[in-house]
1. Can you tell me which of 142, 191 is under 30 Å from residue 61 (Cβ atoms) and in contact with a helix residue (DSSP H, G or I) (Cβ under 7 Å, 6 or more places away or on another chain)?
2. For residue 105, work out the one condition from (1) under 22 Å from residue 144 (Cα atoms); (2) out of contact with any strand residue (DSSP E or B) (no Cβ under 7 Å at 6 or more places or on another chain); (3) free of Cβ contacts under 8 Å to residues at least 60 places away in the same chain it doesn't fulfil.
3. Of the conditions (1) without any contact (Cβ under 8 Å) to a residue 60 or more places away in the chain; (2) within 16 Å of residue 205 (Cα to Cα); (3) within 24 Å of the chain's Cα centre (by Cα), residue 257 clears all except one; give me its number.
4. Would you be able to say whether some residue in region 228-249 is exposed (fewer than 14 other Cβ atoms within 10 Å of the Cβ), free of Cβ contacts under 8 Å to residues at least 40 places away in the same chain and outside the structural domain of residue 123 (by TED's automatic domain parsing)?
5. Could you check how many residues of region 268-294 are surrounded by 12 or more Cβ atoms within 10 Å (Cβ to Cβ), closer than 19 Å to residue 213 by Cα and free of Cβ contacts under 8 Å to residues at least 60 places away in the same chain?
6. Pick out the one residue from 34, 27 that is assigned by TED's automatic domain parsing to the domain that holds residue 87, crowded, with 19+ Cβ neighbours inside 10 Å and under 15 Å from residue 177 (Cα atoms).
7. Criterion first (within 15 Å of the chain's Cα centre (by Cα), in a helix (DSSP H, G or I) and within 30 Å of residue 280 (Cα to Cα)) does residue 207 satisfy it?
């Protein structure tokens, strides 16, 4: 499929990643079918996209007309039937392989023969996911960074069966979305999260062992390593459940004890303290200024 043949894009999952992907695709001029099983998620996504577009207008990065046109290009649906006339579909559900496989099982029979299917997974094997579909040659990984409208990078990952023409078309698509591509081989967690998540996990170990508290750890890395956000603050932003899922993929996939998830990270996830999206993680977000929980 040539890049000119990609006119309509389907996004499955309307969470923080999915709504961001829909945002950049619509702003780039593509019709977007945004799908989620929950109408409430679609409603939240619409409000989030509108708020983020409005922020771009206020900063004079886009015009009011461009914002209105982008919003009008996004059509929400609670059914994957909406993927039927899409040329390119990207799955952006939770970082759980069983959930992703179930989505592929449901959506593949509805896709046109030439449609390309991608996953926004941040860690799971592209080859294995592709093999669970009816189109491993037209399947690949397209890992956006969060928040999608702001972050410039997209990791592109071939599966063993991914066709070169398909890979090149999606690479061009990423460029048209205003993104810079970094190509990764299909290893657990790819490049960004293979480097980033062990750092976050080590920060949790530093907290767990009492070497420093939440505030001191984040301050140390912001001022000592010039990071824009401390590792524990970043973990809350990503979602502690996602952080744990990636560490488990690394630990199981590479069989190296250095990737063992910190028991404190496991405990926070078991408690439902998943970070910003739940109002509590390494910080409590119930007040205007987040308060460390340890």
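The values are calculated or read from the model by the stated rules, or taken from the named source; none is laboratory data. These numbers were taken from a predicted model, which means no experiment stands behind them. Quick reminder, even Gly has a Cβ in these numbers, built from the backbone with ideal geometry, and neighbours come from all protein chains shown.
1. One residue alone meets the criteria, 142.
2. (1)
3. Of the numbered conditions (1) without any contact (Cβ under 8 Å) to a residue 60 or more places away in the chain; (2) within 16 Å of residue 205 (Cα to Cα); (3) within 24 Å of the chain's Cα centre (by Cα), the odd one out for residue 257 is (3).
4. yes
5. The number of residues fulfilling the criteria is 12.
6. Being assigned by TED's automatic domain parsing to the domain that holds residue 87, crowded, with 19+ Cβ neighbours inside 10 Å and under 15 Å from residue 177 (Cα atoms) holds for just one of 34, 27, which is 27.
7. Spelling it out, it is not the case that residue 207 is within 15 Å of the chain's Cα centre (by Cα), in a helix (DSSP H, G or I) and within 30 Å of residue 280 (Cα to Cα).
A quick yes/no check of all residues on (1) under 18 Å from residue 143 (Cα atoms); (2) in contact with a helix residue (DSSP H, G or I) (Cβ under 8 Å, 6 or more places away or on another chain); (3) modelled with pLDDT of 95 or more:
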site	(1), (2), (3)
3	no, yes, no
16	yes, yes, no
22	yes, yes, yes
29	no, yes, yes
41	no, no, yes
66	no, yes, yes
73	no, yes, yes
89	yes, yes, yes
